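The values are calculated or read from the model by the stated rules, or taken from the named source; none is laboratory data. What you see is a predicted model, and the numbers here were worked out from it, not measured in a lab. Here the Cβ positions follow ideal geometry from the backbone for every residue, glycine too, while neighbour counts run over all protein chains shown.
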Amino acid sequence: MSNRSIHPDSLKRISDESFVAKIDYHVELSSTNDRALELVEQGNVQSPLLVIAESQTAGRGRGNNQWWSADGALTFSLVLHADHVDLPPERRPQISLTAGLGVCEALAEIMPGHNFSLKWPNDVYLGRKKVCGILVEVPPRDEQHFVVGIGINVNNSFNNAPADLRSTATSLFDEAGEECDRVEILLRVLQRLAEALDLLTNDPGELTKAFSRRCLLSGRTVHLQAGANATIGRCLGIAGDGALLIETDSGLRRAFGGVIARFE
Ligand code: BTN
């Protein structure tokens, strides 16, 4: 076992100290989301299930993007059952933003003094660079479960990455200059994620305030690309239903999907 692997005692600690009922641990997987979706498909899930891998050979991002994560990153997927979260269907699209908020709050506690923010719709930024990506998926034949895939750049480094990646992505190690304890981070993320999901179910007003406090894009000029449609305007924050509010020359636009191609 490499000294960077999560020790079996730590896996037990994660079970004991978090809401997860079962852990499916792997040294290597193609993708923790793929594994989680397969387990749901096989009807073989005791949720909340945590699928975690030291490394992924085919990690996936949103759309057709790949998720590149070198040794030292924290990559996992949580399988949750709708009964655990008890959400009205119209709030389900907000799960990914809510998960992002949980990650943001957890990382801010682990590294006080650093600026963690939420980049709508599902990225966590550290300063001006992405530190975590989130991919929420619903298994095609089982809409009662959902898979929340989270990749956090912890002890991997972008110092030797190609310049374009180095200018947009970072890791906790790159910013702090020292390695962080991935088990502590995972436990903290699971706690804050549970709290954020609880707000989504029981106190969406409070959740909206928390989104606004962490919103990276508020007050900035954003370029939103949604299919062939481009919108440019000033971001006014995130609404209670998860929409990004953009003030444009032709009025207020409420965006529910798309990619922020640029922000200034
Ligand atoms: C994105 O930024 O586009 C989302 C990236 C999500 C990456 C995580 S890593 C764990 C889980 N397994 C995957 O294949 N993807 C997600």
Six or more apart or on different chains, Cβ under 7 Å: which pairs go from a residue in the stretch 15-41 that's of a type in the set (Lys, Arg) to one that's surrounded by fewer than 20 Cβ atoms within 10 Å (Cβ to Cβ)? Could you list them?
Lys22/Gln46
Collect the residues in the stretch 25-36 that are within 13 Å of the ligand (Cβ to nearest atom) and surrounded by 17 or more Cβ atoms within 10 Å (Cβ to Cβ), keeping them in residue-number order.
Leu29, Ser31, Thr32, Asn33, Asp34, Arg35, Ala36
In the stretch 16-36, which residues are farther than 18 Å from Ala82 by Cα, touching a strand residue (DSSP E or B) at 6+ places or on another chain (Cβ under 6 Å) and not aliphatic (A, V, I, L, M)?
Asp24, Tyr25, His26, Glu28, Ser31, Thr32, Arg35
Scan Leu252, Leu193, Leu217 and give me the residue that is in a loop (DSSP other than H, G, I, E, B) and hydrophobic (A, V, I, L, M, F, W, C).
Leu217
Can you tell me which residue within the stretch 37-62, out of those that are over 27 Å from His7 (Cβ atoms) and touching a strand residue (DSSP E or B) at 6+ places or on another chain (Cβ under 8 Å), is farthest from the ligand (Cβ to nearest atom)?
Val40
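So that you can scan it fast, the table gives a plain yes or no per residue for (1) more than 16 Å from the ligand (Cβ to nearest atom); (2) at pLDDT below 95:
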{"residue": "Ser10", "(1), (2)": "yes, yes"}
{"residue": "Asn65", "(1), (2)": "no, yes"}
{"residue": "Ser77", "(1), (2)": "no, no"}
{"residue": "His84", "(1), (2)": "yes, yes"}
{"residue": "Arg91", "(1), (2)": "yes, yes"}
{"residue": "Gly113", "(1), (2)": "yes, yes"}
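A quick yes/no check of all residues on (1) within 26 Å of Asp86 (Cα to Cα); (2) touching a residue at least 12 places away in the same chain (Cβ under 8 Å):
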position	(1), (2)
Leu193	yes, yes
Leu199	yes, yes
Asp203	yes, no
Thr208	yes, yes
Cys215	yes, yes
Val222	no, yes
Ala228	no, no
Gly242	yes, yes
Asp249	no, yes
Within the stretch 255-264, count every residue that is part of a strand (DSSP E or B) and touching a Ser or Thr at 6+ places or on another chain (Cβ under 8 Å).
2
For the stretch 123-143, indicate whether the set of residues that are more than 24 Å from Cys180 (Cβ to Cβ), assigned to a strand (DSSP E or B), of a type outside the set (Lys, Arg) and modelled with pLDDT of 95 or more is non-empty.
yes
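Within the stretch 1-103, considering only helices (runs of 4 or more DSSP H) that don't extend past its boundaries, which have at least 2 residues that are touching a helix residue (DSSP H, G or I) at 6+ places or on another chain (Cβ under 8 Å)?
Those helices (runs of 4 or more DSSP H) span 8-17.
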